[in-house]
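Novice: Pasting in a structure now, in structure tokens, and then I'll have a few things to ask.
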Amino acid sequence: MSTVTAQKVNIKNNLWTINDAITLNENNTQKIEKNLLINTNFNYEKISNLYSDLSSITLWGLIKLKEDYQTVNYSTIEIDYQFQKILSYPIYLTIMSLLSIVMMMNLKSGLNRIFLITIGIFLSVLIYYINHFFGIIGRSEAIPLLLSIWIPLLILLIISMVGLIKINEK
């Protein structure tokens, strides 16, 4: 195992060109090479994608990125989190639709519109922060990642179902 330092490196393709490389070996001997070529599995584009915004990547992109993270021994928790968020999103939208139906059916029509809008905004912000809170404790591995995604959805589903039952009883 050795350490390579240099002022200029070309990493545009998988064959890295290192100019004026200083190689420090395990026995602390230095070797200076004018042009050092290293064949790697990474290039500039692949390294840049390691640090990209995960919420804008497709499922297939997340799978490929997870493989890249595993090759460099990075934690894949963020990728697994985004993967689960994508899978749970249709269920989240369905539950939110149910919750809005329950709210609209239970509210009296004589209420002030500004009051209704305020309640709607408050509840949407509250739901956002509950999801965000569970996401943080899941990514920090205080609770399992799957639970951090699905517990808020389960809570919202239970609230929606209780509301639907109350509507059915009327």
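Here, each number is a calculation from the coordinates, and none is a lab measurement. Keep in mind it's a predicted model, so treat the numbers as computed, not measured. All Cβ positions, glycine included, derive from the backbone under ideal geometry; neighbour counts span all protein chains shown.
Novice: Lys/Arg Cβ at +1, Asp/Glu Cβ at -1, dipole of segment 1-112 taken about the Cα centre: which of 98, 14, 77 is farthest positive-ward?
Specialist: 98
Novice: Now for a separate question. Taking the Cα atoms only, what angle lies between the long axis of helix 145-169 and the longest principal axis of the chain, rounded to 10 degrees?
Specialist: Taking Cα atoms only, the helix is inclined about 10 degrees.
Novice: What is the angle, in °, between the Cα long axis of helix 59-71 and the longest principal axis of the Cα atoms in the chain? Nearest 10 is fine, range 0 to 90.
Specialist: 40
Novice: Considering the chain as a Gaussian network with a 10 Å cut-off on Cα pairs, which listed residue, 70, 30, 82, attains the greatest mean-square fluctuation?
Specialist: 30
Novice: Quick one, which of [x] 1.67; [y] 1.07; [z] 0.96 is the actual Cα Rg over 2.2 N^0.38 Å calculated for this model?
Specialist: Only one option fits the structure, namely [x].
Novice: Counting Lys and Arg as +1 and Asp and Glu as -1, each charge on the Cβ, what is the dipole of the chain about the Cα centre in debye, to the nearest 20? If you can, show how the numbers build up before the last one.
Specialist: Details: 13 positive and 11 negative charges, 121 e Å.
Roughly 580 debye for the chain.
Novice: Contact order normalised by length for the chain, with contacts defined as Cα pairs under 8 Å and 6 or more residues apart; what percent is it?
Specialist: Working: 158 pairs, mean separation 25.8, N = 170.
Reported relative contact order: 15 percent.
Novice: Ok, one more. With everything on Cα atoms, drop me the angle between helix 113-139 and the longest principal axis of the chain, reported from 0 to 90° to the nearest 10.
Specialist: Relative to the chain, helix 113-139 is tipped by roughly 40 degrees.
Novice: Name the residue, out of 114, 63, 137, whose mean-square fluctuation peaks in a Gaussian network model built on the chain with Cα pairs under 10 Å.
Specialist: Comparing 114, 63, 137 in the GNM, the peak value goes to 114.
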